1. Can we say K330 is loosely packed, with under 13 Cβ neighbours inside 10 Å and charged (D, E, K, R)?
2. Filter segment 562-601 down to the residues that are under 20 Å from I621 (Cβ atoms), open to solvent by 100 Å² or more (accessible area, probe 1.4 Å) and not in a loop (DSSP other than H, G, I, E, B) and list them by number.
3. Starting from segment 696-714, keep only residues that are at positive phi, then list their pairs with residues that are open to solvent by 90 Å² or more (accessible area, probe 1.4 Å) and at pLDDT 90 or above whose Cβ atoms are within a distance under 9 Å, requiring at least 6 positions of separation or different chains.
4. Within segment 75-97, can one find any residue that is under 30 Å from I186 (Cβ atoms), of a type in the set (S, T, Y), in a strand (DSSP E or B) and touching a helix residue (DSSP H, G or I) at 6+ places or on another chain (Cβ under 9 Å)?
5. When the residues of segment 408-429 are narrowed to those that are modelled with pLDDT of 90 or more and under 17 Å from T110 (Cα atoms), which ends up most open to solvent (accessible area, probe 1.4 Å)?
6. Could you check segment 1-67 for strands (runs of 3 or more DSSP E) lying wholly inside it with 1 or more residues that are within 24 Å of T148 (Cα to Cα) and modelled with pLDDT of 90 or more?
7. From the set of residues in segment 460-484 that are open to solvent by 10 Å² or more (accessible area, probe 1.4 Å), touching a Leu at 6+ places or on another chain (Cβ under 6 Å) and not polar (S, T, N, Q), which is farthest from I354 (Cα to Cα)?
8. So which residues in segment 288-316 are out of contact with any Ser or Thr (no Cβ under 9 Å at 6 or more places or on another chain), open to solvent by less than 70 Å² (accessible area, probe 1.4 Å) and not in a helix (DSSP H, G or I)?
Amino acid sequence: MLPKNRAFLSKLRPRSRYHCRYLSSQANVGEIEVPFSNGIPLKLSTGRYARFADGACVATLGNTSVLSTVVSKAKQSSSNFLPLLVDYRQKAAAAGRIPTNFLRKELGPTEREILTSRLIDRSLRPLFPQNYNFDTQIVCNMLAVDSTNPPETVAINAASAALALSDVPWSGPVGAVRLGQIDNEIIVNPTRRDLEKSALNLVVAATSSNLVVMLEGHANVILQQDLLKAIKLGTKEAQHIVRSIQALQKTHGKMKREYEVQVPMDQSVLDSVKTLSSMKIREILSDASHDKISRDNAISEVRQTVLNQLRDTEVDVNILQDCFNTNLRKIFRDMIFETELRCDGRGLDELRKITCEVGLYEPLHGSALFQRGQTQVLCTVAFDSPESALKMDTLTMITSGIKEKNFFLHYEFPSYATGEVGRSGPPGRREAGHGALAERGLLPVVPQQQCTTRLTAEVLESNGSSSMASVCGGSLALLDAGVALTAPAAGVAIGLVSRSDDAGHIADYRILTDLLGIEDYMGDMDFKVAGTKKGITALQADVKLPGLPLKIVMESIQKACDAKSKIIDIMNQCIDKPRQGRKENMPVMEEMEVEVHKRAKLLGIGGSNLKRLYVETGVQISPIDETRYSVFAPSQAAMDEARARIAALLNAERTPELEFGAIYTAKVVEMKEIGVLVTLYSGMSPALVHNSQLDHRKIMHPSVLGLDVGSEIQVKYFGRDPVSGQLRLSRKVLTSPPPGIVRKLDNK
């Protein structure tokens, strides 16, 4: 089954044994093509690059190629979860470009790299064995990229093939396709230009038997039936990739490694933990009066009590904790099946209590507080000039076609939102992912605006679904700021609790609407859906099972659409249309026309007038064409002040240019002991002509020359002093020196 390997012998050091390293020979190179319904194949190849890695594969779609490598340690990690790290890196060289930063090389990961890494992680993680706790790293390296085919799905398929070809235990492969919708027609793997016209941008990752592993996408308020149609088509197309990777695995794959697993717990210890904890756990989970903190504290007390009672046993404390957590998870899930109720007393389809408030602080352009249960999000809106738009990096512009964003959302999740102590610093991967999802959920309903809009969502309390609460709060804040949304938007998270049969297939399940934090942790799915009453704008499915049947996906979307309609009804009771009237601090934008010959008066030397105007009033002036300018002011008062200043600049006489060495008539405006202050033209700041430059003779005061205020003298211009910048004028050089005194040396 496995191809022959070529052995290379190398000496490590003198008097040491020979060390044998097996490298794949060229005979191990394999390649396969994956056909798609659109006629553009995906090529998968292995055996040529990165042969020291446990698995490597290059995926190519069009002229976009991504190399994915997999390396997993042989020693088990001390953690009780899978320490999987996925790194996706874009290279400027892959597009034939050089980075434009100071060092001219790739620096830290960009937002697009982080989002793509999360996309790959969520597509692969559910298919790892539950007891596989070995450090594993997947690196996706962009080799080449064109401006036609987006690289995200290419990277997912390359990583899937690399894992399947490696010896790392994994229940894949998965296949990922991107779907678009143009003129009500679903398109498979749309190009960048197709996506610009598409009403849908959806990535579907699925495994064999049409099981969905990951969903992520955004749409321009797509109808529910159109979305379901796209998911079905994407799952079907993914099967071509799965079958092709399986064929490549049979001919070029490695045997899966054997790894140590924990020894099964002694049944007597398990029974002891269940006996000591089950009844108390049921009492806590059935008490709807508990909130997040009190419930967690009560469970922690039970856990500590059980550990104290079993301390005399020889069983390790960590194993006892794992046993307790397993029993807790089983009871939590069983109670949902038994009672059709959740731990907070809600039914399966019931929403938490929702309260909304807008107009919190007068200086803010728009603000809203959205509270759903114990999840609280404060959203604020800020308007600024078009120059404040978020500029994209070079590769993002090439692959997405977006140069800048004049609407963006920043999501903040401080540690105090969960009552913890943590670091304060730049947002992590989670914050970037949640912020991007909330931004996509709101972007289709925000109209195109002249100014740049920044929406900030700060989570103050968190007990599940804070990203979807950010969509709700953001919609309220935008309406409070007077933005004419096409329709209010809301978001909700859908969960799942399932039971499996002996074959591992889902035998029974319950879908949970408006997910709690503990339900997300104990459950099998976190399916976030955002949109308006009419349709869907964004969705993201985080699945913990090795695939979901399409039936569950369809039911979850239906539950989400019903829930978001109820949420929008509640939000409309607070504010249902844009706020009328302008606040005093709302920004103002105008266009101004300046004649070409007056442009120098407006700009000043090196743009000094515009810089001074911005520093002193906050008003920014940007050119549109040769005669038109865009004027942005942070308030109406600033605009009025800027108008007056601009009028004064344009009506002022132009400062004449002085010629070096020329002679000018100067008017004395002030007398000083050290000289006279003169002006060469009206409106000029007086310049000093020092006594030493007034006459060849040494004088103590300029009055000895008969000068007075109003006198006119001839001066010569010698430029400006390089240190002080003052004008250098001289009257002395234009006057004749006094005649010399004739002295007779001979007294005769």
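The values are calculated or read from the model by the stated rules, or taken from the named source; none is laboratory data. Keep in mind that this is a model prediction, so the values were computed, not measured. All Cβ positions, even for glycine, are placed from backbone atoms using ideal geometry, and neighbour counts span all protein chains on display. Just so you know, the surface numbers come from the protein's heavy atoms only, side chains and all, with ligands and any DNA or RNA stripped out. Shrake-Rupley method; radii C 1.70, N 1.55, O 1.52, S 1.80 Å.
1. Considered against the rule, which asks whether it is loosely packed, with under 13 Cβ neighbours inside 10 Å and charged (D, E, K, R), K330 comes out as no.
2. Scanning segment 562-601 gives E591, E593, H597.
3. Pairs found: G710/K667.
4. Yes, segment 75-97 contains a residue that is under 30 Å from I186 (Cβ atoms), of a type in the set (S, T, Y), in a strand (DSSP E or B) and touching a helix residue (DSSP H, G or I) at 6+ places or on another chain (Cβ under 9 Å).
5. Taking the candidates together, the pick is H410.
6. Passing ranges, in order: 30-34, 42-46, 55-61.
7. Among those that are open to solvent by 10 Å² or more (accessible area, probe 1.4 Å), touching a Leu at 6+ places or on another chain (Cβ under 6 Å) and not polar (S, T, N, Q), it is L460.
8. Start the filter on segment 288-316 by keeping residues that are out of contact with any Ser or Thr (no Cβ under 9 Å at 6 or more places or on another chain), which leaves 288-291, 293-301, 304, 307-308, 311-312, 314-316.
Remaining after also requiring open to solvent by less than 70 Å² (accessible area, probe 1.4 Å): 288, 290-291, 294-296, 298-300, 307, 315.
Scanning segment 288-316 gives A288, H290, D291, V315.
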